[in-house]
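Asker: Below is a structure I'd like to ask you about.
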Amino acid sequence: MSQFICPLCGKFVSVGRYDPSDFEEDILLVVVRGLGHGKGVEVVERYSMLQGENPELLDLISNRIAIIYDLLYEDEGNNIINKKLFGIEDDDEEDINDLDEDILE
């Protein structure tokens with residue numbers, strides 16, 4: 001079983017079970033209360049950090065997301081990761097279709 005490490009939080013995630021389609025489209029802070037030794041926790045409160053609560057943590061998350069975004073999308077797809085992810089061809093390779101269009105013009 002293969003796993004990857006989330007670049008945002010550092011958590012190990014199973015590749016086969018990773019499906020973000022049901023994830024919240026918000027950044028939630030969840031306040032919990034312990035139920036005693038070995039009895040787990042109870043959710044006391046949930047609220048969106050986008051409402052301005054805990055701006056320091058939101059800044060840390062925002063900065064990390066900016067780094068990840070640059071990793072994936074910097075130079076408009078000219079990095080190695082984007083070439084593999086999106087099937088972008090190298091600029092050095094000639095495309096025969098482009099040569100045909102030049103001749104017709």
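The values are calculated or read from the model by the stated rules, or taken from the named source; none is laboratory data. Every value quoted in this text rests on a predicted model; they were computed, and no experiment measured them. So basically every Cβ, Gly included, is an ideal-geometry build from the backbone, and we count neighbours across all protein chains shown.
Asker: How many residues does segment 25-54 contain that are under 21 Å from Ile67 (Cα atoms) and either surrounded by fewer than 10 Cβ atoms within 10 Å (Cβ to Cβ) or touching a Cys at 6+ places or on another chain (Cβ under 9 Å) (or both)?
Answerer: The number of residues fulfilling the criteria is 1.
Asker: Leu58: modelled with pLDDT of 90 or more, in contact with a strand residue (DSSP E or B) (Cβ under 6 Å, 6 or more places away or on another chain) and on the phi < 0 side of the Ramachandran plot, yes or no?
Answerer: No.
Asker: Search segment 13-40 for residues that are under 17 Å from Glu53 (Cα atoms) and pair each with any residue that is part of a strand (DSSP E or B) and among the small types (Gly, Ala, Ser) when their beta-carbon atoms are under 9 Å apart and the residues are at least 6 apart or on different chains.
Answerer: Final answer for the pair search is Asp26/Ser48; Ile27/Ser48; Leu28/Ser48; Leu29/Ser48.
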